[in-house]
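K.L.:
Encoded as structure tokens, here's the structure I'll be asking about.
The values are calculated or read from the model by the stated rules, or taken from the named source; none is laboratory data. Remember, it's a predicted structure, so these values are computed and weren't measured experimentally. Glycine gets a Cβ as well: all are built from the backbone with ideal geometry, and neighbour counts include every protein chain shown.
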Amino acid sequence: MIYGLQGGHFRGEAAGDRAESLLMESDNNKFNNKHHRSITMKSMEKLNVTAIIWQEDDVYVSKCPELEVASAGDTPEEALENLKEAVELYLENAKALGILNDFAASLHSPNKFTSTIGVAV
């Protein structure tokens with residue numbers, strides 16, 4: 001399964017389903033800032049995105065925080081491969097819908113940091 005958050009709504013689709021429902025186009029979600037970098041996806045441009053993987057019970061969950069796309073697998077390797085497929089499908093649909101530039105700033109950021117923090121509950 002491919003899971004993703006867009007516009008605050010949780011979406012799920014089978015991996016082979018290239019439905020537009022992975023993305024929701026909304027004029028309210030348009031990012032229009034003259035300082036952000038625009039993405040002009042060539043046929044096979046390579047982008048580096050962050051992948052976070054953690055274990056929940058007997059499944060590994062993977063997430064790309066830049067796009068709020070998540071997936072899962074039985075092993076960390078499978079979760080990562082499933083996430084890669086989900087991100088590629090997500091970006092393909094974003095390009096088709098004309099909203100790829102909404103993600104330009106986070107996709108081209110030269111500084112990406114991940115960490116864990118302890119919190120009191």
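K.L.:
Quick one: in the range 69-108, of everything that is hydroxyl-bearing (Ser, Thr, Tyr) and touching a residue at least 40 places away in the same chain (Cβ under 8 Å), which residue is nearest to Gln55 (Cα to Cα)?
P.N.:
Step by step, filter the range 69-108, then rank; the result is Ser71.
K.L.:
Let me ask something else. So which strands (runs of 3 or more DSSP E) stay within the range 1-111 end to end and still have 1 or more residues that are at pLDDT below 55, surrounded by fewer than 12 Cβ atoms within 10 Å (Cβ to Cβ) and within 16 Å of the chain's Cα centre (by Cα)?
P.N.:
Strands (runs of 3 or more DSSP E) meeting the threshold: 9-13.
K.L.:
Can I ask one more? I'd like to know if the range 59-68 contains one or more residues that are among the small types (Gly, Ala, Ser) and touching a residue at least 24 places away in the same chain (Cβ under 8 Å).
P.N.:
Within the range 59-68, the subset among the small types (Gly, Ala, Ser) is 62.
Those still in the list that are touching a residue at least 24 places away in the same chain (Cβ under 8 Å) too: none.
Among the residues of the range 59-68, not one is among the small types (Gly, Ala, Ser) and touching a residue at least 24 places away in the same chain (Cβ under 8 Å), which makes the answer no.
K.L.:
I would also like to ask the following. Can Leu80 be described as among the hydrophobic types (A, V, I, L, M, F, W, C) and touching a Ser or Thr at 6+ places or on another chain (Cβ under 8 Å)? Working first, answer last.
P.N.:
On the way: among the hydrophobic types (A, V, I, L, M, F, W, C): yes; touching a Ser or Thr at 6+ places or on another chain (Cβ under 8 Å): yes.
For Leu80, the condition - among the hydrophobic types (A, V, I, L, M, F, W, C) and touching a Ser or Thr at 6+ places or on another chain (Cβ under 8 Å) - is met.
K.L.:
I'd like the full set of residues that are on the phi < 0 side of the Ramachandran plot and acidic (Asp, Glu), limited to the range 60-77.
P.N.:
Glu66, Asp74, Glu77 - these are the residues of the range 60-77 that are on the phi < 0 side of the Ramachandran plot and acidic (Asp, Glu).
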